[in-house]
1. Sequence neighbours fewer than 8 away in the same chain don't count; with that in mind, list the lysines whose C-alpha is under 26 Å from K327.
2. Taking amide hydrogens as modeled 1.01 Å from N in the peptide plane, which residues meet the under 5 Å criterion relative to I54, leaving out close sequence neighbours?
3. Treating the Cα atoms of the range 1-118 as identical point scatterers in vacuum, please give the log10 of the normalised Debye intensity I(q)/I(0) at q = 0.14 Å⁻¹, two decimals.
4. Which value results for Rg/Rh of the range 145-224 when Rg is the Cα radius of gyration and Rh the Kirkwood radius based on the inverse mean 1/r?
5. Dividing the convex hull volume of the alpha carbon atoms of the range 93-230 by its residue count, what do you get in Å³ per residue?
6. Kindly put V40, V49 in sequence by how many other C-beta atoms sit within 10 Å of each C-beta, fewest to most.
7. Please state the Cα pair-distance histogram of the range 283-351 with 5 angstrom bins from zero: what percent is in each bin?
8. On alpha carbon coordinates alone, what is the Rg over Rh value for the chain, Rh being the Kirkwood radius?
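FYI, it's all coordinate maths here, none of it is from the lab. None of these values were measured; they are calculated from a predicted model. Glycine also receives a Cβ, built like all others from the backbone with ideal geometry; neighbour counts cover every protein chain displayed.
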Amino acid sequence: MKIKVDNLVKIFGRNPERGLSMLEQGIGKEEILNKHKLTVGVAGVSFAVDQGEIFVVMGLSGSGKSTLIRCLNRLHEPTGGTIEIDGNDVTTMTMPEMRALRREKMGMVFQNFALYPNRTILDNVAFGLEVRGISRDERHKKAQETIEAVGLKGYEQQYPAQLSGGMQQRVGLARALASDPDILLMDEPFSALDPLIRKDMQDELLKLQGQMNKTIIFITHDLDEALSLGDRIAIMKDGVVVQVGTAEEILNKPEDDYVVKFTENVDRSRILTAEYVMQKPLATARLGRDGVNTVLRKMERHGLSTILAVDSADKLVGGFLPDDIGKAQKEQLKLEDVVTKDVPTTHPETTLHDLLETSSDATFPLAVVDDNGVLKGIIVRSFIIAALTRRGEV
């Protein structure tokens, strides 16, 4: 566990402890505001984030998501609760310790880019390293590597005003990454960008994450963005987290009406994957162990018109039709001699949108296999239709 947040509270105003006491008594934020003129930004939030996870916090304006992320690095001082990073409580650190943590373990990417207009792109990216006292040659070398990683090679000596919005955001991302932080805090970093550029930046972030494996807290108000990026998603409302889960859990097991309303217009076919709809085959033919009669009995027992064949390591080899088994029985052939190898396959992470065509007219069910070719499950078209019509999207 990289980050652990327990009962985090942030209240704005004079003597916020009065509001904290009222929260602990179960009194709502509106009554606290009316009685003491105190604004409850975060009201008892708890969650944990694993190393290398993209954890997305989403909600509408005023839900507390940006306040939450600023509490993690104490740009906002928490009113109550604890924040642990690598087992160390951030809320008890001295300011010198906190500044060291920000310099060495945390990077932050803002919505408004926050670039220095009088510095070149190279010097903007190298700024964090400069603050850490890294020599000019060394910081420029590292900054150059990061600039190339985000696709801005050739723009090192330009100034921010000479770059487009999307390019400026790449500079902000490069600056955060140049210091090689363990944790990346991203506060609605792409929300000011045009839709196409925004999608490019999302793809770029996922590509970089595949290479660098950072722990990322990503703030957004856009559900599609959250579903595209998040390993897990926390949905906030009125300063509290109402649900934490994977994209599929959020879509298929909403915990209250607020989450249902949030997700009602999502194109589920582009989010749900083969892994969600696949089922374990009722039976398989195990080559090298099963004989012809054994496979026939399996097919008859389960009422199968086809059966998939796997080897001793559960890797997909192909499949059998009744005619194949009949031929093997009549001509006394081995199963390996009559196996049909032209069986349609897909990966567990393939979206249902992409499966709708591939699964339409196949003789065999669609075989879901992992990167090693191991059979994980099967899909027929009715599984996909059922998953999509569950919320009326077909």
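1. Correct list for K327: K298, K315, K341.
2. I216, D231, R232
3. Debye output, listed in q order: -0.65.
4. Over the Cα atoms of the range 145-224, Rg/Rh equals 0.94.
5. On the way: hull volume 15.3 nm³, N = 138.
So the per-residue hull volume is 111 Å³.
6. Working: V40 28, V49 22.
Neighbour counts put them in this order, fewest first: V49, V40.
7. 3, 17, 30, 25, 14, 6, 3, 1, 0
8. Values: Rg = 26.9 Å, Rh = 24.4 Å.
Ratio value, two decimals: 1.10.
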